[in-house]
1. Scan region 61-103 for residues that are of a type in the set (A, V, I, L, M), surrounded by 20 or more Cβ atoms within 10 Å (Cβ to Cβ) and assigned to a helix (DSSP H, G or I) and jot them down.
2. Do we have SER166 as polar (S, T, N, Q) and surrounded by fewer than 21 Cβ atoms within 10 Å (Cβ to Cβ) here?
3. Would you mind stating whether LEU269 is more than 26 Å from VAL382 (Cα to Cα) and over 13 Å from the mean Cα position of the chain (by Cα)?
4. Filter region 351-372 down to the residues that are assigned to a helix (DSSP H, G or I) and hydrophobic (A, V, I, L, M, F, W, C), then identify the one that is surrounded by the fewest Cβ atoms within 10 Å (Cβ to Cβ).
5. For region 276-285, enumerate the residues that are of a type outside the set (S, T, N, Q), surrounded by fewer than 17 Cβ atoms within 10 Å (Cβ to Cβ) and in contact (Cβ under 8 Å) with a residue 60 or more places away in the chain.
6. If you take the residues of region 373-394 that are farther than 24 Å from LEU149 by Cβ and aliphatic (A, V, I, L, M), which of them is surrounded by the most Cβ atoms within 10 Å (Cβ to Cβ)?
7. Could you please give the count of residues in region 442-480 that are hydroxyl-bearing (Ser, Thr, Tyr), farther than 30 Å from ASP167 by Cα and at pLDDT below 90?
8. Please pick out the residue among VAL334, VAL348 that is β-branched (Val, Ile, Thr), touching a Lys or Arg at 6+ places or on another chain (Cβ under 9 Å) and either touching a residue at least 12 places away in the same chain (Cβ under 8 Å) or not in a loop (DSSP other than H, G, I, E, B) (or both).
Amino acid sequence: MPHVRRRLLVTFDAPVEQVRAAAERQFSTSVATDAPVDIPAYAPIDTTMRLFVTIDADYSRVARAQFVAESTIDVPYFGWFVRALAYVSAGRELRYATAQLRAALDGAPPPPPPRKLPIFPPVPFTPEQAARLGTVAFIAVIANFCGTLLTQNGDAVTKAFGKGDSDLGFALAIARAGVLVSLVAAAMADRFGRRRLILMCLVGACLANALAAAAPSFEVFTGAQLFTRAFVNAALVIGSIAAIEEAPEQARAFAFAMFGLAFGVGVGLSVLLLPLADIGNFGWRISFALSALLVFFIPRLARDLRETERYASVAARLVQRGRLREVFTSSYRVRFVLLGVAAFLINVFAAPSSQLTNRYLRRAHDFTNAKIGLFRGVTAGVPGLVGVIIAGKVAESRGRRVVTILGLLVATSFQVLFFLSSGALLWIAPTIAIVATAFAGIAIGTLDSELFPTEVRGTSNGFLLVCGVTGSATGLVLATTVLKSAVGTLGPAIALCAIAPVAAALLIFPRLPETADRRLDDVSPSEM
């Protein structure tokens, strides 16, 4: 039974036989009256969508055509979202088919095809591909919700334990030391599969946040967050790899963008719970406890999550996997060094910019937690959503490198303006920055997975994560101690860190190969 079904009834002021003949010319198929006939869809979003036309007589000189579009696509967790897309897509298919038939009947040139909406995939997804993407997207929601609670509640936590800026900066930096656990988990995903490691990391993140919720001291809380960050980073890295490996060719950036949308949902959940931090010195503990309860979703995820076909194929050939030396072969050494340096430089600014924004707003502009939640929703919620949707399409059509370079330059410039401004610019600048950040992030995340072969994709991305987290720790310490001491306040200190991503945009990304419109196995063939 179709999950989506739309129909359009059109009347033509022409005899039935004339309309039927026009339909046969236009759709290159035999059309009988009073019986539905398959006709080609122009740009369906999934391979289950079918288009039918039925021509029947009304009066002697009037014919009626009924067009029907059906889709049986069914995606776990985000079925409502995919059905909404299929519903919109079906309507566009019906209107275009009607316009084609009317033009053929009138002897007019065929109408121009409708432009694809940015939210539509460039090529259709099979039901299996769509279901797997939906599942890994839900993994992104859970993982990033667990991982962003420290960012949103950092000020409330330090206040509860009587700590200051430098303590928060060092806690955020120490939490990133868990990247070593992430590295091991990502490398193990090359040896034992994506599915198993994702599930293990999600359980670990939930349990670590349970410990954080009950932490009796700031030191225990920081230690718990070290493991939360480790498991979250690993789950997100492996999940993004799974999203790209399961995507159709020419839709890898789109798949990563959908993963990014779910990533943003996780952030949104943590922002929605931010007002709880205003409930005395314990309100922040409620958010961490709620994230721990997500562990009860893991059994359902275990049933829905499948191993990626690309990895299963490599494993079936008994290819040695997860070997570090393959990352440094002549084919991949330069790619890894360039991406590693870029990850370090970008995060020198990205980490303090994102992690310390709430603290900056409270201290420099007297924002309450509730007002920060509103600020995040206005400047990052909807703009970030729009940015990610458009970024997936643009990265496919314009290429990864140009999108990365322009996205980094624009995002960095406006985020610096945010830390140096007040009034309306305080709201406008980060809104523009978040859209540009989405462009750069989607392109870079896609490149990180595309530029290495399947058997070491987890290992290489694990080491790139280490590079990025090292940059994050460096930026946090610089902003909260060295630079803050030099310039006196937090905002300008964070702004000074922006030199690093500008260098990455201008000096590193132009040297990387372009991967758009190329098969994944051609971009990064196995060295075995």
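The values are calculated or read from the model by the stated rules, or taken from the named source; none is laboratory data. Bear in mind the structure is a predicted one, so any value in this text is a computation, not a measurement. Cβ sites come from the backbone with ideal geometry, for glycine too, and all protein chains shown count toward neighbours.
1. VAL82, LEU85, ALA86, ALA90, LEU94, ALA97, LEU101
2. On the way: polar (S, T, N, Q): yes; surrounded by fewer than 21 Cβ atoms within 10 Å (Cβ to Cβ): yes.
The answer is yes for SER166.
3. Spelling it out, it is not the case that LEU269 is more than 26 Å from VAL382 (Cα to Cα) and over 13 Å from the mean Cα position of the chain (by Cα).
4. ALA370
5. ASP278, PHE282
6. Going through the qualifying residues, I end up with ALA391.
7. Total satisfying the criteria: 2.
8. When all the criteria are applied, what remains is VAL334.
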